[in-house]
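Here is the structure we will look at, set down as C-alpha cells.
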Amino acid sequence: MTTGVAKKVITMLEFWNALLDPDNEFLRLALYVGILASLPFGIIGTYVVTRKISYLAGAISHCVFGGIGAGLYIQVKLGFFWFDPVYGAVASALLAAVIIGLVSLYAQEREDTAIGALWAVGMATGLLFIDMTPGYFDITSYLFGDILLISKYDLWLVICLDILVIAILILFFNKLLAVCFDGEFARLRGINADALYILLLCLTALTVVLLVRMVGIVMVIALLTIPPAIAGLFAKRLWQMMALAIILCATFTWSGLAISYHFKLSSGPAIIVIAGLTYLIVLSATRIKRKWLYRLIFK
C-alpha cells in the first residue's frame, strides 16, 4: 500500500469514527443534508447546464444576499423575531428569478447588462440593510457558507425541496426536456415554454437558497453546475445526466467534509476545490482520449 493511499484510508477512517461519536451530531447532520441536498442540486443543476443559464443562476444567488440583509433588518431592527433571514432570502430569490426570466424573454435591452445590474444591486442592497441593522453580523458565513452550521430546521427545508423537485420532475419531465433543448420546437408543440422557463428559474432560486447555507453565495454556482457538467461528458440521456450529477454532488460533499475535518479547513471551499479539480481532470482526460482516438482512426 503506498503512502498516499494509506493517508486517504486513515483520513476516511478518522472521519468515520468522528461520525460515530455521539458528541458530533453536527457532523452527522451535515452529512445527511449533503446527501439530501444532492438530489435537487443534481436535478436542477442538470437543467441549468443543459439550458445554459448558469449566469442567470449566478445573478439569482447574489440577489439572495439582498434578501438576507432585509431579513436581518426586519428581525433585529423592526423587532419581528420570528422572521428568519431565510424567509427574506427565499422571497428575494423568487423575485429575482421572475424579473430575470421576464428580462430574458421580453426585454428589448441588452440581456447581459440588465442581469449584471441586478446581480450588483442585489449584493449592494444586502450590504445596505446590514449597515442599517444594529449589532455585528459575520457576513462571511453567508458569502462562503458552512455546512457544519446546518440545523435540523434546515434539514426539514431540504426534505421539503426534495419532495417539490421530484413532484415537478414527474409532472413536467418531458416538457422541461423540450424547453431546455429547443424552446421554439416546444412552442410549436403547444407547450407553454415561457411559463415552464419561469418555473425552472424559480426552482433554481429555491435550490440556490439552500446551497447558500452549504457553500455560500460566492461559490454556489460551482456546486450547482460542476457535477452536471462532469455528468454531461458521460451521459447520453437527460435522466442519466441527472443520476450521475446527484452521485457526484454527494461524493464531493462527503469527501469535502472528510478532508476539511482532517485538515481543519473550511468545509465549503474544500467541497468546491475537490469538485473543480475533478472537473479539470475529467475534462483533460476526455480531450486527450478523443485526440488519441482521432489519431488512431485517421492516421
What do you reckon, how do 253, 140 stack up by accessible area (1.4 Å probe), largest on top?
140, 253
Kindly provide the Kirkwood hydrodynamic radius of the stretch 129-202 in Å, to one decimal, from all pairs of distinct alpha carbon atoms.
15.7
Which pairs in the list 236/264; 175/291; 152/236; 152/264 are over 30 Å apart, alpha-carbon to alpha-carbon?
236/264; 175/291; 152/236
Check cross-link reach from residue 77 to the aspartates and glutamates: straight Cα distance under 19 Å, and skip same-chain residues fewer than eight apart.
131, 138
Could you tell me which chymotrypsin sites (Phe, Trp or Tyr not before Pro) in the stretch 176-283 are loop residues by DSSP with no more than 15 other beta carbons within 10 angstrom of their beta carbon?
234
Just to confirm, what accessible area per residue do you get for the chain at 1.4 Å probe, in whole Å²?
53
In deg cm²/dmol, rounded to 500, what helix-only [θ] at 222 nm does the chain give when every DSSP H run of at least 4 residues adds -39500 (n - 2.57) and the total is split over its residues?
-29000 deg cm²/dmol
202, 249, ranked by accessible area, largest first (probe 1.4 Å):
202, 249
Phi-derived 3J(HN,Hα) across the stretch 225-232 with the Karplus relation (6.51, -1.76, 1.60, θ = phi - 60°), rounded Hz, x for Gly and Pro, is 10, 5, x, x, 5, 5, 4, x
Sorted on mean Cβ neighbours within 10 Å (highest first), peptides 54-60, 167-173, 40-46 come out as 40-46, 54-60, 167-173
Checked the stretch 11-119 against the a/c 1.5 cut and the a/b vs b/c comparison, axes a ≥ b ≥ c from its Cα gyration tensor; verdict oblate
Can you send over the carbon and sulfur percentage of the accessible area for the stretch 140-264, probe radius 1.4 Å, protein chains only?
70
Relative contact order (%) - the stretch 194-299, alpha-carbon pairs under 8 angstrom, separation at least six:
25
Added length on full extension, which subtracts the Cα-Cα distance from 0.36 nm per residue, residue 127 to residue 189:
17.8 nm
Could you pull out the chymotrypsin sites (Phe, Trp or Tyr not before Pro) across the stretch 136-170 that fall in loop regions by DSSP (anything but H, G, I, E, B) with no more than 11 other Cβ atoms inside 10 Å?
136
Which of the trypsin sites (Lys or Arg not before Pro) found in the stretch 158-197 are in a DSSP loop and have at most 13 neighbouring Cβ atoms, other than their own, within 10 Å?
189
How much length is gained on full extension from residue 273 to residue 105, taking 0.36 nm per residue of separation minus their Cα-Cα distance?
57.1 nm
Among [x] 169; [y] 235; [z] 221, the entry matching volume of the Cα convex hull per residue in Å³ as calculated here is [x]
With +1 on each Lys and Arg Cβ and -1 on each Asp and Glu Cβ, and nothing else charged, work out how big the dipole of the stretch 94-220 is about its Cα centre, in Debye to the nearest 20.
320
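The values are calculated or read from the model by the stated rules, or taken from the named source; none is laboratory data. Remember, predicted model here, so these are calculated numbers, not experimental data. When we count neighbours, we look across all protein chains shown, and the Cβ atoms used for this are built from the backbone with ideal geometry, even at glycine. For the accessible areas, the whole protein counts, side chains as well, though only heavy atoms, and no ligand, DNA or RNA atoms are used. Shrake-Rupley method; radii C 1.70, N 1.55, O 1.52, S 1.80 Å.
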